[in-house]
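Comments concern the structure below.
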Amino acid sequence: MTHKITPSTVLLLTLAPMMWAGNAIVGRSVNAMVPPVTLNLLRWAIAMLILLPLASWIFRRNSPFWRNWRRFSVLGLLGVGLYNTLQYLALQTSSPINVTLVAASMPVWMLLIGSLFFGVKVSHKQTVGAVLSIVGVLIVLSRGELRQLLALRLVAGDIFMIIAAIVWSFYSWLLTLPKDPEEIRRDWAAFLLAQVAFGVAWSCLFTAGEWALGDLYIDWSWPLVAALMFVAIGPAIIALRCWGLGVQRVGPTIAGFFSNLTPLFAALMSSAFLGEMPHLYHGVAFILIVGGIVVSSRR
């Protein structure tokens, strides 16, 4: 695995957090229209229908998919079934600033999990890069005011996001293990579909539990349909493809720093929707986040 960052890799690892920022904003906007676990199931079910015509061959009897079903089941559970379900659940009980702040711990979890479970040594530069990147995120989330950070309190949603960050870190490291059949690894749609198929199965179980525990409903409307199509195509298919390629090129540790661009994009999108112009602290935060990426990835 090479750790050299090329312009195409930067584009891949920037598109993913941009899409994920859009996912967070759309997820909040449909909060009252659809239950959170059900939202995740509908999102990935649509994504699977889109991927099927592109890679349905993996379900043939002699396909390597069946010989590697355990690995794809785990990847589907972590990357599809759990991560966004936890994020949508977090947005039910926690404020957007708390959710984004907790998610910004991703590079730290990437470093810890890589060191503890995958035998990867953490360098001094990576530690410095993590600090720079997280400081940049804190500036965005606090709007440049320290007192807003000091007033934060952890609630159930924050715990959900801590678990989600750990889940995504494990998923990203598992992507680097050379255990996937070459036929599936070469075909991006097949590689995604192999995970999404199991992810939808896991999501069906979680959704059944959600509906069994409460009196729920779905408020069907064209805005909800449009939101579902966006989160299924952009943050799901496009973002997951970009992230997978980027992780394979530079590894989960460096890719984890790019994930800190998500709250920056979310802040800019929120400002755009609210008609607010970007502030000076957005620029300072961007410099720190990118600086963290550069420092951590230098040889």
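What follows is calculated from the coordinates using simple rules that are stated; it is not laboratory data. It should be emphasised that the depicted structure is a prediction, and the values quoted were computed from it without experimental measurement. Ideal geometry is used to build each Cβ from the backbone, glycine not excepted, and the neighbour counts take in all protein chains shown.
Along its principal axes, what span do the Cα atoms of region 140-266 show, with the longest given first and each in whole Å?
Taking max minus min along each principal axis of the Cα atoms, region 140-266 gives 52, 40, 27 Å.
R0 = 41 Å: FRET efficiency of MET33 with VAL74, Cβ-based, nearest 0.05?
Values: r = 31 Å, r/R0 = 0.76.
E(calc), rounded to 0.05, equals 0.85.
Rounded to the nearest 0.05, what FRET efficiency do GLU145 and ARG67 have when you use their Cβ-Cβ distance and R0 = 51 Å?
The computed FRET efficiency comes out at 0.40.
Between SER8 and SER221, what FRET efficiency follows from the Cβ-Cβ distance if R0 is 45 Å, with the result rounded to 0.05?
Numbers: r = 39 Å, r/R0 = 0.86.
So the FRET efficiency works out to roughly 0.70.
So for each of 119-127, 208-216, 173-181 I average, over its residues, the number of other beta carbons within 10 Å; can you give me the resulting order with the highest mean first? Intermediate values should be presented prior to the final figure.
Details: 119-127: 13.6, 208-216: 10.9, 173-181: 15.8.
Descending packing order for the listed peptides: 173-181, 119-127, 208-216.
Taking only the alpha carbons of region 1-57, what extent do you get along each of the three principal axes, in Å, biggest first?
The Cα atoms of region 1-57 stretch 43, 34, 16 Å along the principal axes, largest first.
Starting from a Cα-only point model with no solvent, please compute log10 I(q)/I(0) by Debye for region 1-139 at q = 0.19 1/Å.
Those come out to -1.37, one per q.
Where the convex hull is taken over the Cα atoms of region 14-96, what is its projected area averaged over directions, in nm²?
6.7 nm²
Calculated from DSSP H runs of 4 or more alone, at -39500 (n - 2.57) each and per residue, what is the 222 nm mean residue ellipticity of the chain, nearest 500?
-23500 deg cm²/dmol
Taking every alpha carbon pair in the chain, what does the distance histogram look like in 10 angstrom bins from 0, in percent?
Percent of Cα pairs in each bin: 6, 28, 36, 23, 6, 1, 0.
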